[in-house]
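Undergrad: For reference, the structure I am asking about is given below.
The values are calculated or read from the model by the stated rules, or taken from the named source; none is laboratory data. The structure presented is a predicted model; accordingly, all values stated were derived computationally and were not measured. No Cβ is skipped: glycine too gets one built from the backbone with ideal geometry, and neighbour counts run over all protein chains shown. Just the protein is used for accessible areas: all its heavy atoms, side chains included, with ligands, DNA and RNA removed. Shrake-Rupley method; radii C 1.70, N 1.55, O 1.52, S 1.80 Å.
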Number of protein chains: 2
Amino acid sequence: MNDHEAKLASYLHKRGLKFTRQRRIVMREVFASHEHFQADGLLQRMREKNLDVSKATLYRTLALLVEGGLLRQEVFGERHCHYEHIYGHKHHDHLLCLGCGKIEEFRNNDIERLQDQICRKYAFTPTTHQLEIHGHCKKCRKEQG
Amino acid sequence: MNDHEAKLASYLHKRGLKFTRQRRIVMREVFASHEHFQADGLLQRMREKNLDVSKATLYRTLALLVEGGLLRQEVFGERHCHYEHIYGHKHHDHLLCLGCGKIEEFRNNDIERLQDQICRKYAFTPTTHQLEIHGHCKKCRKEQG
DNA sequence: CTTCTTGCAAATCCTTTGCAGTTAC
DNA sequence: GTAACTGCAAAGGATTTGCAAGAAG
């Protein structure tokens with residue numbers, strides 16, 4: 001059992017929940033890649049591999065992984081959620097190209113630090129944050145003229 | 001006609017669109033307050049005042065105001081959109097309390113400046129951005145222990 | 001064996017759309 | 001006049017839920 005599986009197991013145990021076949025399947029699939037993904041895409045990929053987990057269970061499991069701190073949920077100004085797993089992947093923020101839809105990641109320690117300052121100032125205890133910048137990437141900027 | 005009405009009028013004119021009764025009603029209601037709001041809440045408030053605009057038209061008009069740069073759309077990790085109008089209201093970011101749902105605004109010029117730096121670094125032309133910090137406010141922090 | 005889970009299909013929520021009649025310019 | 005607009009009701013997409021049967025501890 002690897003690192004993140006252990007973490008999930010411990011989270012489930014603490015809450016009196018069970019480590020089922022489906023939960024293991026979903027978790028493995030989620031951690032198989034570092035890409036952003038959406039519930040529906042994940043479901044399709046799993047179906048192609050004949051990993052049978054129902055849509056309902058998938059959604060329920062993703063929620064569990066988010067609660068358990070293994071998965072990050074991002075809502076990119078659209079109506080469906082994107083996810084990305086947290087293990088071995090430092091926190092970062094996103095540039096979203098409105099032209100080609102590309103999502104670029106960046107990380108800036110100064111911004112992180114300033115956010116902490118702000119939280120202190122407002123006596124706010126942060127859990128997560130999300131910074132996204134919408135605009136046009138180099139390529140699409142040119143095409144736009 | 002006031003400032004934002006003029007701006008909308010000019011935007012509509014430029015695009016060959018019409019300044020209808022309903023659009024005027026929605027715009028007035030939107031600009032009547034500085035609060036964040038959601039489409040459904042706005043609709044209800046308008047109904048209470050006997051301002052009859054259909055749900056479809058409301059959504060269409062909100063989209064128009066966003067396109068026209070009069071309204072800002074925020075997706076707070078939930079499924080419905082929040083809006084806040086832009087006039088007389090500097091850009092700012094948000095602290096969202098997961099306990100009581102309160103939304104607090106803040107503005108930090110250093111963060112804004114750093115974002116611009118990042119965009120330059122990635123040759124990215126920003127249109128808008130959104131930074132939200134989720135966590136617990138002072139009051140809810142205490143209650144949580 | 002008891003409690004938690006699953007899969008299914010139906011429900012939900014917010015938002016968008018098609019269309020026939022109406023209005024702004 | 002004629003494009004754009006409206007309201008309605010129905011459709012849409014992503015996610016959630018109720019429930020009876022199944023699996024984990």
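Undergrad: For the range A:107-120, in order, what is each residue's ³J(HN,Hα) by Karplus, 6.51 cos²θ - 1.76 cosθ + 1.60 with θ = phi - 60°, in whole Hz (x at glycine and Pro)?
TA: 9, 9, 5, 5, 5, 4, 5, 5, 4, 4, 4, 4, 4, 4
Undergrad: For the charge dipole of the range A:91-145, defined by +1 on Lys and Arg C-beta atoms and -1 on Asp and Glu C-beta atoms about the Cα centroid, which residue among A:134, A:94, A:118 has the Cα displaced farthest towards the positive pole?
TA: Checking the options against the dipole of the range A:91-145, the answer is A:134.
Undergrad: Oh, and also: At residue B:17, label 7 Å along Cα→Cβ: distances to the other copies, nm, ascending?
TA: Residue B:17 label point versus its equivalents elsewhere: 4.3 nm.
Undergrad: If ligands, DNA and RNA are left out, what is the accessible area of residue B:33 with a 1.4 Å probe, given in Å² to the nearest 10?
TA: The value for residue B:33 is about 40 Å².
Undergrad: Still on this structure: Please turn the phi angles of the range A:40-45 into ³J(HN,Hα) values with the Karplus equation 6.51 cos²θ - 1.76 cosθ + 1.60 (θ = phi - 60°), one per residue in order, whole Hz, x for glycine and proline.
TA: Karplus-based 3J(HN,Hα) across the range A:40-45 equals 5, x, 4, 4, 5, 4 Hz.
Undergrad: State, to one decimal in nm and shortest first, how far the label point of residue B:67 sits from each corresponding label point in the other identical copies (label point: 7 angstrom along Cα-to-Cβ).
TA: Ordered by distance, the counterparts are at 4.2 nm.
Undergrad: Let me ask something else. Let me spell out the model: positive unit charges on the Cβ of Lys and Arg, negative unit charges on the Cβ of Asp and Glu, origin at the Cα centre of the protein assembly as shown. What dipole size does that give, in debye rounded to 20?
TA: With Lys and Arg at +1 and Asp and Glu at -1, about 440 debye.
Undergrad: A further question follows. Need one word for the protein assembly as shown: rounded, prolate or oblate. Basis is the Cα gyration tensor (sqrt eigenvalues a ≥ b ≥ c); a/c below 1.5 gives rounded, then a/b vs b/c decides.
TA: prolate
Undergrad: Name the long-range amide H neighbours of residue A:129: under 5 Å, sequence gap of 5 or more, or other chain; modelled H, no Pro or chain starts.
TA: B:134
Undergrad: May I ask you to list the GluC sites (Glu not before Pro) in the range A:20-57 that are in a DSSP loop and have at most 12 other Cβ atoms within 10 Å of their Cβ?
TA: Counting only loop positions with at most 12 other Cβ atoms within 10 Å, the GluC sites (Glu not before Pro) in the range A:20-57 are A:35.
Undergrad: Quick one: putting +1 on the C-beta of Lys and Arg, -1 on the C-beta of Asp and Glu, what dipole do you get for chain A around its Cα centre, in Debye to the nearest 20?
TA: 360
Undergrad: Running a GNM on chain B with Cα contacts under 10 Å, which residue among B:15, B:45, B:23 ends up with the highest mean-square fluctuation?
TA: B:15
Undergrad: Only residues of the range A:22-56 count here: report those whose backbone N is under 12 Å from the spot 7 Å along Cα→Cβ of residue A:5, or say none.
TA: Output list for this probe position: A:24-29.
Undergrad: Also: Return the long-range amide H neighbours of residue B:102 (sequence gap of 5 or more, or a different chain), with a cut-off of under 5 Å between placed amide H atoms.
TA: For residue B:102, whose amide H was placed from the backbone, the distant partners under 5 Å are B:97.
Undergrad: Moving on. If you take every DSSP beta bridge whose two residues both sit in chain B, what share of them, in percent to the nearest 5, is antiparallel?
TA: For chain B, the DSSP antiparallel bridge percentage is about 70.
Undergrad: Each label point is 7 Å from the Cα along the Cα-to-Cβ direction; what then is the distance between the points at residue B:73 and residue A:73, in nm?
TA: Those two pseudo-labels are separated by 2.0 nm.
Undergrad: Whole angstrom only: what separates the Cα centroid of the range A:25-52 from the Cα centroid of the range A:115-133?
TA: Measuring centre to centre over Cα atoms gives 31 Å.
Undergrad: May I pose another question? May I ask which residue of A:39, B:66, B:4 lies farthest towards the positive end of the charge dipole of the protein assembly as shown, with charges of +1 (Lys, Arg) and -1 (Asp, Glu) on Cβ and the Cα centre as origin?
TA: Value computed over the given set: A:39.
Undergrad: In the structure displayed, which of A:49/A:138; A:138/B:102; A:18/A:55; A:7/A:90; A:14/A:121 lie more than 26 Å apart, Cα to Cα?
TA: The answer is A:49/A:138; A:138/B:102; A:14/A:121.
Undergrad: With the radius of gyration and the Kirkwood radius both derived from the Cα set of chain B, what is their ratio Rg to Rh?
TA: Here the Rg-to-Rh quotient is 1.02.
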